[in-house]
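The values are calculated or read from the model by the stated rules, or taken from the named source; none is laboratory data. None of these values were measured; they are calculated from a predicted model. All Cβ positions, even for glycine, are placed from backbone atoms using ideal geometry, and neighbour counts span all protein chains on display.
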Amino acid sequence: MSQYLASRQMSVGTAAASVVEGRVAGTEIHLHALANNSKDVLIGASDVTLNNGFVLRKGEHVTIRLMERQTLYAIAENDGQILTVLSVGGI
């Protein structure tokens, strides 16, 4: 079996959007909010809001681990905020 590896950029807006789902055996997720975003990006569970999300300020990055079938969501105050996502692991 080989490890899963995927990367992409996604546009985050005012409605919570699915970022990535954990795969079998768990997945390490690297997230980077681009420095030229005009607003912060907030991440969390499916109920993430501007009031309860984990804040990624412009230019910040974070690494988290998702277990199988856990899904990470993102939201922003304005549309068009870019989040770079690198997923590693799982099968």
Residue count, the stretch 5-20 (criterion: closer than 14 Å to Asp79 by Cα, surrounded by 19 or more Cβ atoms within 10 Å (Cβ to Cβ) and touching a Leu at 6+ places or on another chain (Cβ under 6 Å))
1
Which residues, counting only those in the stretch 63-91, are modelled with pLDDT under 95, out of contact with any Lys or Arg (no Cβ under 7 Å at 6 or more places or on another chain) and more than 18 Å from His30 (Cβ to Cβ)?
Arg69
Go over the candidates Arg23, Arg57 one by one and state the one that is surrounded by 13 or more Cβ atoms within 10 Å (Cβ to Cβ) and either among the basic types (Lys, Arg) or in contact with a Pro (Cβ under 8 Å, 6 or more places away or on another chain) (or both).
Arg23
Asn78 vs. criteria assigned to a loop (DSSP other than H, G, I, E, B), surrounded by fewer than 15 Cβ atoms within 10 Å (Cβ to Cβ), without any contact (Cβ under 8 Å) to a residue 12 or more places away in the chain and out of contact with any Phe, Trp or Tyr (no Cβ under 6 Å at 6 or more places or on another chain):
no
Within the stretch 56-83, tally of residues that are within 11 Å of the chain's Cα centre (by Cα) and over 28 Å from Gln3 (Cβ atoms)
1
